């Protein structure tokens, strides 16, 4: 498993879907080019996929960007549905090798293909998330959920993910729709360290 797939840190951070939804929200997003799928309506589980461009060489920066954009849309989608937190259930992101569709590249013997001319790489961010209204108990000084159905998964503050990634990629700040929201629920004191440990902005690692 590659490093970029194992790690989704913000501060240093030819798929086909059988069914997809929510094209109306796409016009409101700060990004485009993503696909989202409602996996389980009762449990508020969503899948978000963002495909990068084709590159001649493998690009760690591009792989990181598509992961960030998938994470960004997950946060954005949770906020659109009035959830302040989300948990990454699975990370199926990858970089694929593609062969250009042209006569010189369509040879049965792969060894005879001019790879510099024909081979391309595409990075795909693919995250499945559960949206939460309130945070869950986490391990001290981490975002890792301590117990329950999401034990071992990383807890995200949706608004902080939204803000940090938007800043990182210089997205149009005037498009912020959620800037008045707080990452700390109203019934929790922002000065309470035990509360703050539940809402650390971004975990350094996703556990699949």
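Some observations on this one:
- Ordering of 53-65, 127-139 by packing [mean C-beta count within 10 Å, highest first]: 127-139, 53-65
- Ranked list, fewest to most other Cβ atoms within 10 Å of each Cβ, for 153, 122: 122, 153
- A straight chain from residue 32 to residue 170 at 0.36 nm per residue would run longer than the Cα-Cα distance by 48.2 nm.
- Debye intensity ratio in log₁₀ form over the Cα atoms of region 21-178, taken at each q of 0.11, 0.17, 0.19 Å⁻¹: -0.52, -0.98, -1.14
- FRET E, pair residue 90, residue 134, Förster distance 25 Å, beta-carbon r, rounded to 0.05: 0.65
- In nm, spacing of pseudo-spin labels at residue 39 and residue 141 (7 Å Cα→C-beta vector): 3.1 nm
- Highest average packing first - 97-104, 34-41, Cβ atoms within 10 Å: 34-41, 97-104
- Stretch gain in nm, segment residue 105-residue 57, where the contour uses 0.36 nm per residue and the Cα spacing is subtracted: 15.6 nm
- By the beta-carbon count within 10 Å of each Cβ, the least crowded to most crowded order of 164, 149, 87, fewest first, is 149, 164, 87.
No value in this document is a laboratory result; all are computed from the given coordinates. Given the structure is predicted, the values throughout are model-derived calculations rather than measurements. Note that we place each Cβ from the backbone using ideal geometry, even for glycine, and neighbour counts take in every protein chain shown.
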